[in-house]
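Below is one structure, written out as C-alpha cells; comments come after it.
The values are calculated or read from the model by the stated rules, or taken from the named source; none is laboratory data. As the structure is a prediction and not an experimental result, all values here were calculated from the model. Here Cβ is always computed from backbone atoms with ideal geometry, including for glycine, and neighbour counts include all displayed protein chains.
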Amino acid sequence: MPKVPVLPSDIKNKQKRENLYHKLKAEKAKKKLERRKQLAKDEAKNPELKEKRLRENVPRTLENTREHDDTMVDAEDEEVAEDIASDELASYFSGKTPKIVVTTSKKCTKVTYDFCAELISMMPNAQFEKRGAKHELRQIIKIANEQEFTDLIVVNEDHKQPNGITLIHLPEGPSAYFKLSNFIPASRITDHGAVTAHFPEIILNNFNTRLGHTIGRMFQALFPQVPEFQGRQAITFHNQRDFIFVRRHRYVFRDTDRVGLQELGPKFTLKLKWLQKGVYDRNGEYEWLFKPELETSRRRFFL
Amino acid sequence: MVVARKDGTINLIEIASQKTVKAFTEQEVVKDLVKKKNELPADSRSRIIGLEATSTHLLVCTSRGTLSWTPWTASKLMHLSKVPLGHNLDILRSHPISKNVFAVGGKERDLRVYDMNKILEGQQGASMSDPLLPSNIGLLYKAKNLGHDALDLQPKVWIRDIQFMDKADPTKIAVSTQYHQIRMYDFSTQQRRPIMNEEVGDKPILRIRQSHIKDHLLFSDSTNVVGVFSLKDRKVIGAYKGIAGCVQDIKVVQMPAEPGQQGEYVVATGSLDRRLNLHHYPHPEKPFDPKPISRFNMLQRLYCVEVDALDLENVDGPKTTGQQEADHDELWDALGVVEPKRKHVSKKLKK
C-alpha cells in the first residue's frame, strides 16, 4: 500500500507537529536550492538558456500592465510639442532665472520649518518668508508677482506635520497641490552626505502623460537651467504609480562601470491632488482634479 | 464657422477646406494683451465674451462692453459707439432664432436683454455731441436682484452663462452664476426678479446648456462636475463621471439612427484636461447612467465644442456591442487652445 504522507495538521501533539513542520519546510528549501544550483550550472554552460529565461520569465507588475492612457505624450507629435512648448512655463525655457519663495500655512510648528529649511537648501535662489496671521494667499501672490518671483511654494501643515505643498508658478502659471508624506530630514538618514551650494542636476523619471509632462516641467522650472556638474549633485523626481519620490544624491564615477551614490538631503514623497490653470483661486478652473471616482482600476495612473 | 481667439482675432473658417476666409481683429483685446501685468491684471483684461453670427452680420462683444455689428463684407470691425452695455461682462448670448435679441451679464452686472435693431436705430439718431446714448436704448428687459438676505446684505451678482430657454419666445431665460446658483427669468410677466433661484453645488457654475428636453439644463462647474438639472423638480438629476478637468462646453447631440428608430441622445463635453467625453443623455424611463461612453484625447485644452449636424453620417450596420461605433462616424468640430494666448470660441454660422 503506498505511504500516505502525514501532514502536520494531523498531529495533535504540538511539539511533534512543530518538528514535522520544520522538517518539511527545511526539505522544501533544500529542494529549491538544489534546483537553483542546477539551473545556474546549466546556464553557466549554456548562456542562451539564461537569455531565454530572462526573456520569457518577465513578472507581471502594475507598471507593465498599466491601463492604456491615450494622453501619453508622443514625442513626435507636432501639435503636442507645440502645446507643451508654449505653455505658461515657456519663460523658464527661454532663460528666465527661477526665484522661489517658500512659505507655510498659518501657525505652523517646528517640523514644518525644518521641512522648509530643507526645501530651500534644495533649490538655489530660494528664500523663506514667515507666514503672518493676516497674510492671505491672494495678497501673497500679488506681492510675490510684484517682487518678480517665479514660483511660490506653500507648505501646508496639519496635526503638527507638513502634509501638503502648493506649488504656484508665478506670473500666470499653473498651480498644483501635492500631498506630502514620508518626509525624512537629512539628519535622520544614516551616512548622509553634506550638501554644497552647487546647482544640482535634475532627473525626472516617468512623467509620461500630458499631465505628467506639465508637472515635470513645473519641477524643472524650480531649478537653474544649467547645472554645475562639478558639484556632482543630483535631485531626482521619480514618478511611479502617481507617487513622486524626491531624493537628493551625490554621485561619483568609480570607473566606467560603477557609480557610487551617497544620499544627501531630505527624502519625501509627493502625490498630485489637483492642477489648476492659472494662479491659485478657490473658484478657479481646474485642469485636473483627483476624485476617487477616477480610480476605476488598480492599473490606472494619471502621471 | 466663426472662431474668436483670445488674442483678439476673429476668423471665418470654411470647414471643408479649413481655410480662413475672413479675419477681423478686436483692437481692444490686442491692446490689453500687450499691457504689462502690473498695469493690468489678467482678469481685468478685455476678452471676447460674445460672438454671434447671422447670414449678413457678425456681432462681437468684449468684456468691457464694446459691441460691434459688422457686415461680412466689411474689412474691419464696425464698433457701435457709446452703447452702454457695462463693464466686466462675462457672457453675451443671442436668442437662437430671433438673433436681434441678445442678453448680457457679468460680474456685478445683472441680466439685461437688448434688441439690436433698436440700438442700431439709436445709433443713427445719435449726434456727435451726445456723450452717451440713453442708457436704456435697445433695452428690453432688465433683471432685478433678489431681496436682501438675513443679514440685510444685497446678494452678490455674477452671471457666468445665459441660455434662452424658449425657441419661440425670448422672454424665458436661464442664468448660472459664480455663486453656484441657477436662476430662471420670465420677462413675459411683470416680474423682474427670477422666478426660480436654486443653489447647486458649491463651486461657480460656468456653463449651462439647454437640451432637447425643455425641463433639463446641463451644467458644469469649475471643478470636474457636469450634471443634469431638472427645472421642475429644482434639483440635480445626476452627475457624470470620468471627467478630470473643468468642462468648458457641453453639447447635446442626437446620434444618427436606423430609419424608424429614435436616435440616441449623447452629451459631449470638452474640458481643460484635453479630453472630449461622451455620456448618455438621461433617458426618461431608465435610471441615470453616469458612466462615460467614450473619450477622445484632443491634445489641447478644450474651450468649445461645436457639432456639425449637417455632416452626421448614418451608422453602418447594427449597433453590436456596447461600444458606440456611431461616435467615430460623427464629425466633431472640437477646437482647442493651441497656446495659452489663444482661445477658440466658435459658433456655427447660421444660414
(message) I need every pair where a residue in the range A:208-236 that is closer than 26 Å to B:SER271 by Cα has its Cβ under 6 Å from the Cβ of a residue that is surrounded by 20 or more Cβ atoms within 10 Å (Cβ to Cβ) and among the polar types (S, T, N, Q), sequence separation at least 6 or different chains.
(response) A:THR209/A:THR71; A:ARG210/A:THR71
(message) Residue under question is A:TYR92, and the condition is that it be out of contact with any Lys or Arg (no Cβ under 6 Å at 6 or more places or on another chain) and at pLDDT 95 or above; does it hold?
(response) no
(request) Assess whether A:ARG258 counts as being surrounded by fewer than 22 Cβ atoms within 10 Å (Cβ to Cβ), touching a residue at least 12 places away in the same chain (Cβ under 8 Å) and either within 14 Å of chain B (Cβ to nearest Cβ) or more than 29 Å from A:TYR113 (Cα to Cα) (or both). (result) no
(request) Those residues that are closer than 20 Å to A:LEU222 by Cα and in contact with a Lys or Arg (Cβ under 7 Å, 6 or more places away or on another chain), I need them from the range A:114-143; list them, please. (result) A:MET122, A:ASN125
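Conditions (1) within 14 Å of chain B (Cβ to nearest Cβ); (2) farther than 21 Å from A:LYS99 by Cβ; (3) surrounded by 15 or more Cβ atoms within 10 Å (Cβ to Cβ), marked per residue:
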| position | (1), (2), (3) |
| --- | --- |
| A:ARG217 | yes, no, yes |
| A:GLN233 | no, no, yes |
| A:THR236 | no, yes, yes |
| A:PHE243 | no, yes, yes |
| A:ARG254 | no, yes, no |
| A:PRO266 | no, yes, yes |
| A:TYR286 | yes, yes, yes |
(message) Could you check the range B:149-172 and list, in sequence order, the residues that are touching a strand residue (DSSP E or B) at 6+ places or on another chain (Cβ under 7 Å) and either surrounded by fewer than 18 Cβ atoms within 10 Å (Cβ to Cβ) or over 15 Å from B:GLY106 (Cα atoms) (or both)?
(response) B:PHE164, B:MET165, B:ASP166, B:PRO170, B:THR171, B:LYS172
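Of the residues B:SER222, B:SER211, which single one is in contact with a Cys (Cβ under 7 Å, 6 or more places away or on another chain), under 30 Å from A:PHE290 (Cα atoms) and small (Gly, Ala, Ser)?
It is B:SER222.
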(request) For A:GLY278, state whether it is touching a residue at least 12 places away in the same chain (Cβ under 8 Å), small (Gly, Ala, Ser) and over 18 Å from A:THR196 (Cβ atoms). (result) yes
(message) Test of understanding: among A:GLU172, A:GLU136, A:GLU129, which residue is within 14 Å of chain B (Cβ to nearest Cβ) and either over 26 Å from the mean Cα position of the chain (by Cα) or touching a residue at least 12 places away in the same chain (Cβ under 8 Å) (or both)?
(response) A:GLU172
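Tell me, yes or no, whether the range A:176-194 has at least one residue that is closer than 22 Å to A:VAL80 by Cβ and surrounded by 18 or more Cβ atoms within 10 Å (Cβ to Cβ).
Looking through the range A:176-194, at least one residue is closer than 22 Å to A:VAL80 by Cβ and surrounded by 18 or more Cβ atoms within 10 Å (Cβ to Cβ).
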(request) For residues that are more than 17 Å from B:GLU306 (Cβ to Cβ) and assigned to a strand (DSSP E or B), scanning just the range B:228-264, find the one that is nearest to the other protein chains (Cβ to nearest Cβ). (result) B:ALA239
(request) Kindly state which strands (runs of 3 or more DSSP E) lie completely within the range B:142-222 and contain at least 2 residues that are over 19 Å from the mean Cα position of the chain (by Cα) and within 14 Å of chain A (Cβ to nearest Cβ). (result) none
(message) Among the residues of the range B:301-318, are any at pLDDT 80 or above, within 14 Å of chain A (Cβ to nearest Cβ), farther than 26 Å from B:LYS214 by Cβ and assigned to a loop (DSSP other than H, G, I, E, B)?
(response) yes
(request) Six or more apart or on different chains, Cβ under 6 Å: which pairs go from a residue in the range B:84-103 that's more than 13 Å from B:GLY65 (Cβ to Cβ) to one that's among the small types (Gly, Ala, Ser)? Could you list them? (result) B:ARG93/B:ALA103
(message) Suppose the filter is more than 14 Å from chain A (Cβ to nearest Cβ), surrounded by 15 or more Cβ atoms within 10 Å (Cβ to Cβ) and in a loop (DSSP other than H, G, I, E, B); does B:PRO290 pass it?
(response) no
(request) Could you check, for the range A:63-72, whether at least one of its residues is within 14 Å of chain B (Cβ to nearest Cβ) and out of contact with any Ser or Thr (no Cβ under 7 Å at 6 or more places or on another chain)? (result) yes
(request) Would you confirm whether any residue within the range B:67-74 is hydroxyl-bearing (Ser, Thr, Tyr), modelled with pLDDT of 85 or more and touching a Leu at 6+ places or on another chain (Cβ under 7 Å)? (result) yes
(request) Taking A:LEU222 as the residue in question, decide whether it is more than 14 Å from chain B (Cβ to nearest Cβ) and assigned to a loop (DSSP other than H, G, I, E, B). (result) yes
(message) Take the conditions at pLDDT 95 or above and either away from chain B (no Cβ under 14 Å) or touching a Cys at 6+ places or on another chain (Cβ under 7 Å) (or both) and apply them to A:ARG247. Does it pass?
(response) yes
(message) Here are the criteria: (1) touching a Leu at 6+ places or on another chain (Cβ under 9 Å); (2) more than 9 Å from chain B (Cβ to nearest Cβ); (3) farther than 21 Å from A:ARG241 by Cβ; (4) at pLDDT below 90. Tell me which single one A:LYS277 does not satisfy.
(response) (2)
(request) Only residues that are touching a residue at least 40 places away in the same chain (Cβ under 8 Å) and surrounded by fewer than 17 Cβ atoms within 10 Å (Cβ to Cβ): list them for the range B:232-255, please. (result) B:ILE237, B:GLY238, B:GLN254
(message) When you check A:LYS3 against the structure, is it in a helix (DSSP H, G or I) and over 30 Å from A:ARG300 (Cα atoms), yes or no?
(response) no
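If a residue has to be of a type outside the set (Lys, Arg) and touching a Leu at 6+ places or on another chain (Cβ under 9 Å) to count, how many in the range A:214-233 make the cut?
If we filter the range A:214-233 for residues that are of a type outside the set (Lys, Arg), which is where we start, we get A:214-216, A:218-231, A:233.
From what's left, touching a Leu at 6+ places or on another chain (Cβ under 9 Å): A:214-216, A:218-222, A:233.
Number of matching residues: 9.
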